[in-house]
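Read through the structure below, which is laid out as structure tokens, and then see the notes.
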Amino acid sequence: MNDLKVLGKEKVGSFEFTGIEGGFGEDKKAMLVKDIAVIHGKTVKVINQAINMNRARFKDGIDIIDLLNVKNSVVNLIDLGFNQNSINRSNNIYLLSERGYAKLLKILEDDKAWEIYDELVDNYFNMRQTIETDNKVLVANKRLEIMEENAKTRKANLLYKIAMATKSEFAKESLLANAGEVLTGQKAIPVMIKEEFSATAIGNLLGISSNKVGRIANELGLKAEQPGQNKYGRWGIDKASNGKEVPNWVYFKPAIAEIEKYLGR
């Protein structure tokens, strides 16, 4: 058996399938039964049964190859779109040549199937040069796309490093927004990071304990009920003395004003 070459996804009309070259001779096109089944609106089981009931009509290596039972095969079934589970469940994984496909259609005796066959012969089996040219264009375009994405990533990474090195919060947020725009193509509006205060810091500011700050905040309903934030603060994570991570509420400036009102100040 000649080595198989996976050409990638081929599209003929409304049909999409795995393009395969080799197996029946150099540059010879072939098709998997699993793709033929999809094209004809049938299950793989039905197609395999039709083949197995007429197996003597199909010549090995000329019309058909059972990829699952080829000795010394170097075919990677995963590359052909199979997963290990489907491989383990299969008794046969058939590959058909153009001639083998024609025999299958005669067995199926389906007028619609012959129309499909004509289209595949005209636009797949006998158009190697066209497909090869198209594939070269696709590869070139893909290479250009990868180069452009790599350039975007490098530029965004540079903007991120500059942002992390600056002391200006506004400049930092602007640079990070620009980095995001480079990567996603969508313009982002820089948002200034809100100034945050711990309960201890507010307690020191107002001359009360941090525990009292927490009790007042709970009484006033300043904290979000679920992980997240509101205009008074947000939930964060702190490490306790035993090393465990614990949820901790940090306050924004509006919370200080509310606590001052509560204290009558």
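Brief remarks follow.
- Residue check for ILE51: touching a helix residue (DSSP H, G or I) at 6+ places or on another chain (Cβ under 6 Å) and buried (at least 19 other Cβ atoms within 10 Å of the Cβ): no
- Residue satisfying all of: in region 1-15; assigned to a loop (DSSP other than H, G, I, E, B) and in contact with a strand residue (DSSP E or B) (Cβ under 8 Å, 6 or more places away or on another chain); modelled with the lowest pLDDT among these: MET1
- Positions within region 222-255 being surrounded by fewer than 17 Cβ atoms within 10 Å (Cβ to Cβ) and at pLDDT 90 or above, in sequence order: LYS253, PRO254
- Whichever residue in region 80-137 is at pLDDT 80 or above and part of a loop (DSSP other than H, G, I, E, B) and, among such residues, is nearest to LYS11 (Cα to Cα): PHE82
- Members of region 89-98 that are buried (at least 16 other Cβ atoms within 10 Å of the Cβ) and either of a type outside the set (S, T, N, Q) or not assigned by TED's automatic domain parsing to the domain that holds ASP27 (or both): ILE93, TYR94, LEU95, LEU96, GLU98
- Extreme residue, farthest from the chain's Cα centre (by Cα), among residues of region 16-31 that are without any contact (Cβ under 8 Å) to a residue 24 or more places away in the chain and in a loop (DSSP other than H, G, I, E, B): GLY25
- Complete set of residues in region 195-243 that are within 14 Å of LYS253 (Cβ to Cβ), out of contact with any helix residue (DSSP H, G or I) (no Cβ under 8 Å at 6 or more places or on another chain) and in a helix (DSSP H, G or I): ALA201
- A Cβ distance below 7 Å, combined with a sequence gap of six or more or placement on separate chains, defines the contacts here; from region 66-78, residues that are charged (D, E, K, R) reach residues that are part of a loop (DSSP other than H, G, I, E, B) and modelled with pLDDT of 60 or more in the pairs ASP66/ASN92; ASP66/ILE93.
The values are calculated or read from the model by the stated rules, or taken from the named source; none is laboratory data. Treat the numbers as computed from the prediction; the structure is a model and nothing was measured. Using ideal geometry, Cβ is built from the backbone for each residue, glycine included, and neighbour counts are taken over all protein chains shown.
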